[in-house]
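Working notes, beginning with the structure itself.
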Amino acid sequence: MMTRTVRAVLFVCGLLFALPVSAQRTQFCERTNYSAQEITDAVNASVLRDDLKSTSCTLGGLGRFESGGNKGIFNGSCCTGIFQLNTANVRRYADTSREGYACMSLQEQVDAWARLTNDGYNTPAVRRLMEMGTFDGQRVDAGFIASCIQLGPGNCQQMVSSGRCSGFADPNGTTICDMARAARSMSDPNCREGNNTQVCDMGPGDFPTTPVAANPPAPSPSDIVVGPGQI
Amino acid sequence: MIRALITTLALMLAGATSTVPAQSDGAWQPMALSDFREPSQTDPLQTLVWPDAIREANAYASRELKKDLKGKNAWVTALSARFEDKGRSIILSTILTRACESGANHAGAGVERSICPLRIVQIDKGKATILREDRGCYIDPPDASLPAQNQGDSVQARFDPVTGQIQMRAIIGGRLIADCSRSYPTR
């Protein structure tokens, strides 16, 4: 656990230093420090698809990974806010400028991100990942799906087509798998899912089978009992 | 009836008052940005090229974003270039809508292109015809907050008056973006 956390911190530090030297990070509106749990709560209160909410703890980690919980930060080149939406998506999904977006509430920002993620969910790359359940040894959970959409469906498709995490890396060497790992590492270890009691690290491809199979319901007087010879 | 009159008027004005500068000398030129928030009955981009996309964006803003547009349009922008060729006008345009595939949303990312709906519309003797629908690159013209390396970013187009071919390309950070190069015959 410790090792994973240290690796995640080093990864984020490397990412910050990897930004183009001329990209000037800018703070709009107030600086915030939302926790992974607060971001998770906002995700659970958003319009995000229910199946992605079922592993929303990793999404709180993703918000921490992208912005450190600071919803007013612009990275100096493209991306703003808690989930670092690019300017095109800010306009399309929040109908505002990057400054306007940075000054929106956490919930409003997460709602815009959720609309983007819901739209991205229908792309071929995401559908394929959902079918796979695991990809190159990584569990395909909500954090993985969100990371695929975060780095762009076209880029994600490139990775899926290659069959390897290394099939796509951004100019700083960040892969979708790196991002998903960092999101998991930065989620709150005591995370509470909003309206769902499943464990945090369960992914869309990991449907629970044991509880249902191991604990069948008791027979009811209204059940129709069919013997083997009657079929 | 009123709509037909407005369309006719728009077609008449398209050559004279268009916000799209005409280019015909064959040189690469940046495509111009148009912001559709202010509705117009005379801008051919709004009335002829992208009326359906604007309607859809308005519906999304009202229905999903719960925005009161107060008679304005949602924030939709387009890039365009207009060419004159033997008495006809040709408009090339890409539009930033939800139908685009945009780049990364990521703290370590830089400026990236979006791949968006593209149309080539011909206006000839008062009649507008869509010659081509495809997908092509869109990037916002740079603003002062972007890094120096991105201050020359643009999507560019040119028209070859001999062959009637339109070409399109994008430059980001001083580099040509491979998947933005397009070439379309118009005759």
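With solvent modelled as a 1.4 Å probe, how much accessible area in total do chains A and B shield from it at their shared surface, in Å² to the nearest 100? If you can, show how the numbers build up before the last one.
Details: alone 11790 and 10260 Å², together 19210 Å².
For A against B, buried area totals roughly 2800 Å².
What percentage of all Cα-Cα pairs in chain B are separated by more than 25 Å?
Working: 6277 of 17391 pairs.
Here the long-distance tail beyond 25 Å is 36 percent of all Cα pairs in chain B.
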**Item:** Geometric extent, Cα atoms of segment A:105-162 - Rg, Dmax (angstrom)
**Value:** 11.8, 39
**Request:** With a probe of 1.4 Å, find how much accessible area segment A:119-160 has per residue, and write the answer as a whole number in Å².
**Result:** 33 Å²
**Item:** Using a Förster distance of 30 Å, the FRET efficiency for residue A:162-residue B:63 (Cβ separation, nearest 0.05)
**Value:** 0.20
**Cβ-Cβ FRET estimate between residue A:134 and residue B:160, R0 fixed at 56 Å, reported to 0.05** = 0.65
**Asked** What lysines sit close enough to residue B:70 to cross-link, taking a C-alpha to C-alpha distance under 29 Å and skipping anything fewer than 8 places away on the same chain?
**Response** A:71
**Asked** Plugging the Kirkwood radius over Cα pairs into Stokes-Einstein for segment A:54-182, at a temperature of 4 °C and a viscosity of 1.567 mPa s, what D comes out in µm²/s?
**Response** 88 µm²/s
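Expressed as a fraction of 2.2 N^0.38 Å, the rule-of-thumb size for a compact globular protein of N residues, what is the C-alpha radius of gyration of segment B:42-141?
Numbers: Rg = 15.3 Å, N = 100, 2.2 N^0.38 = 12.7 Å.
Taking N as the residue count of segment B:42-141, the ratio is 1.21.
How big is the Kirkwood radius of segment B:87-187, worked out from every pair of different alpha carbons and given in Å to one decimal?
14.8 Å
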**Item:** Cα point-scatterer Debye curve for segment A:65-130, base-10 log of I(q)/I(0) at q = 0.14, 0.22 Å⁻¹
**Value:** -0.39, -0.84
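The values are calculated or read from the model by the stated rules, or taken from the named source; none is laboratory data. Given the structure is predicted, the values throughout are model-derived calculations rather than measurements. Here the Cβ is made from the backbone with ideal geometry for all residues, glycine too, and neighbour counts use every protein chain on show. The area values use the complete protein model at the heavy-atom level, side chains included, leaving out ligands, DNA and RNA. Shrake-Rupley method; radii C 1.70, N 1.55, O 1.52, S 1.80 Å.
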